[in-house]
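Novice: My questions will all concern the structure given below.
Here, each number is a calculation from the coordinates, and none is a lab measurement. Just so it is clear, the structure is predicted and the values come from calculations on it, not from any experiment. Here Cβ is always computed from backbone atoms with ideal geometry, including for glycine, and neighbour counts include all displayed protein chains.
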Amino acid sequence: MRLKAVNFWPVLALAALMTALPLQAARAQNPDNMMPEERTAKGKQVLEQLITALGGPTYLDIRESNCDGRLAQFGHNGEMTGYTNFKVYWRYPDKNRTDFSKKGVIVNVYNGDRGWTLDRGGVSELSTAAVADFQEQAKRDINNLLRVRLSSAIFGSRWTRVRIIWCAAS
């Protein structure tokens, strides 16, 4: 199954979820006045609502994603100097390939604890610091947080099928 989404779909889904929550209920359940167990239950409820708004089981089943678009470039004076096309391929949770193309192609590939880059000079291994940065970013990526780290704590391990999502940004 292929889904077509735009670059801002998680933000839009979160906005839809937040507008759907009644304001009175939010005011009545001030986290400062709740017991720790109530806060934990409320947090799980909000996360379940977020995942449901993103597509529920279909969202959690996604293990690969492809996204392409343009990155705006800005000069030192703050003015836009142009665009660079990019393509990002993910195989969650820790495999990533990013292609940049403008006057040559640069490809960065990460596979768990290793990374490589391809440019005009050929293929070279990425530094340990660059790989560590990628690993930290992957840990904090909203898709990894919801699908891998939090979904198992909330929903258990019942999501096992593989889905592919397509993202187009321009």
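Novice: What spacing in nm lies between the two simple spin-label points modelled at Tyr92 and Val123, each 7 Å away from Cα in the Cβ direction?
Specialist: 2.8
Novice: Mind checking the log10 I(q)/I(0) for segment 100-142 at q = 0.18 Å⁻¹? Debye, one equal scatterer per Cα, no solvent, two decimals.
Specialist: Log-scaled intensity ratios, in q order: -0.55.
Novice: Also: Could you derive backbone 3J(HN,Hα) for segment 37-42 from the dihedral phi with the Karplus parameters 6.51, -1.76 and 1.60 (θ = phi - 60°), listing whole Hz in sequence and x where the residue is Gly or Pro?
Specialist: Here the 3J(HN,Hα) series is 5, 5, 4, 4, 5, 5 Hz.
Novice: How many nm is it between the label spots at Arg39 and Asn111, if each spot is 7 Å from the Cα in line with the beta carbon?
Specialist: 4.3
Novice: Are there any trypsin sites (Lys or Arg not before Pro) in segment 87-118 that are in a DSSP loop and have at most 12 other Cβ atoms within 10 Å? List them by number.
Specialist: The qualifying sites are Lys103.
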